[in-house]
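A short write-up of the structure that comes next.
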Amino acid sequence: MSFSVSRRLRLTLASLVALALASFMAVVITTAPAQAATITVSTAIATQNGSTATVRGYVVGQPTATNTVVTSNYPNDYALAIADSTSETSTSKMLYVQIPDAFRSSWGLQSTPSLKGRQIDVTGTLTAYFSHPGLKNATAFAFAGSTPTPTPTPTASPTADPNIPAGYYDSAAGLSGSALKSALHNIIDGNTTLTYSEVWEALKVLDQDPNNSANVIEFYSGVSTPKTNNGGDADNWNREHTWPQSHGDFGTVNGPGTDVHHLRPEDVTVNSTRGNKDFDLGGSAVSQCSDCWTDADSFEPRDSVKGDLARGILYMAVRYNGDDGFADLELNNSVNGSTNYLGKVCVLLAWHNADPVTTAEQARNNKIYSTYQHNRNPFIDHPEYAQSIFGAAC
Ligand SMILES: [Ca+2]
Ligand SMILES: [Ca+2]
Ligand SMILES: [Ca+2]
């Protein structure tokens, strides 16, 4: 099988570490431990001596008892069975891996069933689990071949945007959780709205290719395409609602359907492939969209826009609360969820942490504020708000 692993894996690891730290601002720089040699599952089974090792194997299911490994309808995210062959069915040739709390949302099969069949590297202590050869106290998970990154890089700490108007967030000071969400809503609502046709012109400015002022960058795919190539035909770019219209039935009248904090240029075909799917990890490669992944119920874009995407989605959930004639947009941790909801919130939070705010993203936010809508995305200005408002679900 072939996966574009390197970038997406580094990102996944960085996100896991960020979650474990549970705070975007608390970046602690430590010395990375020396990397242990990678061993096979059969070697790990033969080496149950309490030593630390990195084991490479294919995810074949979830152990639920000494001689039982389930391969569907996973009961939780607590354990993985890995083997040297993706088709292994004998539990005696499997290693049972305990999944610590911080890794469950990304490495547990109930949350991420698409892990089955993937080759992974897991680092931990070789010792019995479920009275069976196992690995416990895992400190790192990665798709095979990537470089585990046990600590975030210093650049993960965002620099405050000097263009935030004085006093803009004063009424949110000291608040957390739902009180913070409510205060932010009142700060960013009442914004100027664009017509759907004005969105074309706004995106040509906001998403201009920094290396070619005649082009825009298509959001998920990263492809540079002429601004004049907008339209509805194959290989045109059009206006992608990263929060799909159908997840709130808001259409394209002035309001959420024209809010450029979440609207982006995208290739017509890629836009169609994304459709109204929720966001989650995994699937198969997307045509015309390098390092994008999709399956029947979810879409995953390239790594460098995962955070940008997440922050636009978080903005939508706070901006639209059902008090202005549109639906109350909210996040949940599901795919195929109910109307007005978009998921998965825990995946989006991990993406927010793993792909931090850049100066280019701040510049886009400032331009929306100064030129178009006169409201700001709080999660670009204050990344730490995301965990406070949405972290309880994860
Ligand atoms: Ca999926
Ligand atoms: Ca980014
Ligand atoms: Ca809302």
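The values are calculated or read from the model by the stated rules, or taken from the named source; none is laboratory data. Since the model is a prediction, treat every value here as computed from it, not as a measurement. Here the Cβ is made from the backbone with ideal geometry for all residues, glycine too, and neighbour counts use every protein chain on show.
None of Val286, Val318, Val270, Val345 is away from ligand 3 (no atom under 16 Å from the Cβ), under 29 Å from Thr193 (Cβ atoms) and among the hydrophobic types (A, V, I, L, M, F, W, C) except Val270. The set of residues from region 189-200 being part of a helix (DSSP H, G or I) and either closer than 12 Å to Ile368 by Cα or in contact with a His (Cβ under 9 Å, 6 or more places away or on another chain) (or both) comprises just one member, Val199.
Hey, among the residues in region 274-285 that are within 13 Å of ligand 1 (Cβ to nearest atom) and free of Cβ contacts under 8 Å to residues at least 40 places away in the same chain, which one's farthest from Ser105 (Cα to Cα)? It comes out as Gly275.
Summed over region 298-316, residues that are more than 16 Å from ligand 1 (Cβ to nearest atom), under 16 Å from Asn276 (Cα atoms) and out of contact with any helix residue (DSSP H, G or I) (no Cβ under 8 Å at 6 or more places or on another chain) total 1. Evaluate region 109-121: report whether one residue or more is of a type in the set (Lys, Arg) and modelled with pLDDT under 95. The answer is yes, given that some residue of region 109-121 is of a type in the set (Lys, Arg) and modelled with pLDDT under 95. Residue count for region 244-280 under the criterion of being over 19 Å from the mean Cα position of the chain (by Cα) and surrounded by fewer than 21 Cβ atoms within 10 Å (Cβ to Cβ): the result is 11.
Exactly one residue among Val318, Val335, Val305 is in contact with a Pro (Cβ under 8 Å, 6 or more places away or on another chain), modelled with pLDDT of 95 or more and either aromatic (Phe, Trp, Tyr) or in the same structural domain as Gly255 (by TED's automatic domain parsing) (or both), and that residue is Val318.
Say we look at region 205-217 and pick out the residues that are touching a residue at least 24 places away in the same chain (Cβ under 8 Å) and either surrounded by 17 or more Cβ atoms within 10 Å (Cβ to Cβ) or not in a loop (DSSP other than H, G, I, E, B) (or both); which of these is nearest to ligand 3 (Cβ to nearest atom)? Filtering first and then ranking leaves Leu206.
Annotation: of all residues in region 304-329 being in contact with a Phe, Trp or Tyr (Cβ under 9 Å, 6 or more places away or on another chain) and surrounded by fewer than 21 Cβ atoms within 10 Å (Cβ to Cβ), the one that is farthest from Cys394 (Cα to Cα) is Phe326. Is at least one residue of region 97-105 loosely packed, with under 15 Cβ neighbours inside 10 Å, modelled with pLDDT under 90 and part of a helix (DSSP H, G or I)? The answer is yes, given that some residue of region 97-105 is loosely packed, with under 15 Cβ neighbours inside 10 Å, modelled with pLDDT under 90 and part of a helix (DSSP H, G or I).
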